[in-house]
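So the structure is just underneath, and the comments pick up after that.
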Amino acid sequence: LRADIISIGTELLMGELVDTNAPYLAAQLPPLGIELQRITQTSDDMDMLVRALQETSQRSELVLTTGGLGPTDDDLTREAIAQLLGEDLYLDPPSLERLQETFRQRGASMSSANIKQANLIPSARSIHNAVGTAPGWWVENGGGIIVVMPGPPAELHRMWEVEVQPQLRYRAPGTVIVTRSFKTHGLGESALNELIAPLFLLPDATLGMYAQAQGVQVRVRVRAQNSEEAQRLLLPIEAELKRLLGDSIWGVDDQVLEEQVGNELRRQGLTLAVMESCTGGLLAHTITQVPGSSHYFRGGVVSYSNDMKIAWGVDPDLILDHGAVSPQVAQDMARAARDRMGADLGIGITGVAGPEELEGNPAGTVHIALAYDGGSTHFTRRYPSQRVLVKQRATMQALIELWNFLSRTDGDKGEDTGA
Ligand code: ATP
């Protein structure tokens, strides 16, 4: 079954409203084996709406729409479908009765404008809206289905879950589409593409790559009769990806880096302390987002000024000789964090969040260091000079370096640290 989604509302095209309905619906379709063709956003304009409905119904057997079911004159979804199918709207007495009952229960009087929400056409049946006033429509005409749902997300979600999804499950072709995302680090999209090129030829799977803040994701999609069969299809692909990419994979699906790093610290019995400057505590915040982080996280210091760095044990001569934003100071911050907080590992981050340069260092320059028993490593990165981005990217990079280190120390013990 092929599907199209249309999000209806002039606010969407004015940039005033972000369309969250289409992504919500898009994520609901693969488990039903429904193949989404395209998402369209259109304004509350009769001609545009009819054209969008025409195009989508030619392409797909199933068209899902949201929005434009309100009582006002600019809510035209029902009218557009009537025009598309050449059918006349009529007032449906049971729908009107339900609408009046909803207003009675709310203790509100129903305006005459609301009456049009009880309209139907011969090809449509009404779908109950348990949260709002506007009923949806289930339209069947000439083999295709158009499901018309309200715009407010709470109303849409409820209608989808209770009324629409069960109907579609019953009609869908008995297949499921299952996706698994493999999260990687240290490889750019093109390098990754070369490594996994043979997998693009697999007959049963579709591969895609997506660059994300935490690294590039490889997404594998399979279609099968049921989810057990899909898992069976995924197994050899997963094994091959792990063989080709090895330690570059740090997680799958919903796993996040801070949690993976936390699990690994816990498994290896190591503790961590951090001293941050330009990230302003974001690294400590991210680490402590994970429940149970107190098992391995000793603490963090935001040493934003030179005085504070020195007060927390950074050598003042290093700041004088190399400047506060330097690999030497990052390394000493990592060492000092580790020493002062009695941790096995210390991380130091110093950099320029921007937008101005600092002491000759361009905005976006960040030095990250990791101190451990018997040594330390450091990395320099240059990010786009937007404060939020610099802080986020530096935090992710610190976690990635920590993950790398933990994979290596674990590798030394001959164990597998894959996803
Ligand atoms: P109502 O009866 O409340 O008017 P409706 O079905 O006519 O519902 P719209 O008038 O199109 O829906 O939208 C009502 C509100 O729902 C919008 O102001 C917005 O807050 C939310 N909304 C509509 N469409 C979307 C969308 N695609 N993504 C997220 N929110 C949406």
Inset, instruction - May I ask you to list the residues in segment 250-259 that are surrounded by fewer than 21 Cβ atoms within 10 Å (Cβ to Cβ) and touching a residue at least 24 places away in the same chain (Cβ under 8 Å)? - result: Val252, Asp253, Gln255, Val256, Glu259
Inset, instruction - For segment 294-310, state whether one or more residues are of a type in the set (A, V, I, L, M), in contact with a helix residue (DSSP H, G or I) (Cβ under 8 Å, 6 or more places away or on another chain) and more than 24 Å from Arg393 (Cβ to Cβ). - result: yes
Legend entry - Sole exception among (1) away from the ligand (no atom under 15 Å from the Cβ); (2) out of contact with any helix residue (DSSP H, G or I) (no Cβ under 8 Å at 6 or more places or on another chain) for Met159, by number: (1)
Legend entry - Qualifying positions in segment 124-157 - among the β-branched types (Val, Ile, Thr) and outside any strand (DSSP E or B): Val131, Thr133
Inset, instruction - Tell me which residues, restricted to segment 1-36, are within 12 Å of the ligand (Cβ to nearest atom) and out of contact with any strand residue (DSSP E or B) (no Cβ under 7 Å at 6 or more places or on another chain). - result: Gly9, Thr10, Glu11, Met14, Glu16, Leu17, Val18, Thr20, Pro23, Tyr24
Legend entry - In segment 99-144, the residues that are under 38 Å from the mean Cα position of the chain (by Cα) and among the basic types (Lys, Arg): Arg106, Lys116, Arg125
Inset, instruction - Output the residues belonging to segment 88-97 that are within 41 Å of the chain's Cα centre (by Cα) and modelled with pLDDT of 95 or more. - result: Leu89
Legend entry - Selected residue [open to solvent by less than 50 Å² (accessible area, probe 1.4 Å), in contact with a Pro (Cβ under 6 Å, 6 or more places away or on another chain) and under 18 Å from Ile319 (Cβ atoms)] from His367, His378: His367
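The values are calculated or read from the model by the stated rules, or taken from the named source; none is laboratory data. As the structure is a prediction and not an experimental result, all values here were calculated from the model. Note that we place each Cβ from the backbone using ideal geometry, even for glycine, and neighbour counts take in every protein chain shown. Surface accessibility is based on the protein's heavy atoms, side chains included, excluding ligands, DNA and RNA. Shrake-Rupley method; radii C 1.70, N 1.55, O 1.52, S 1.80 Å.
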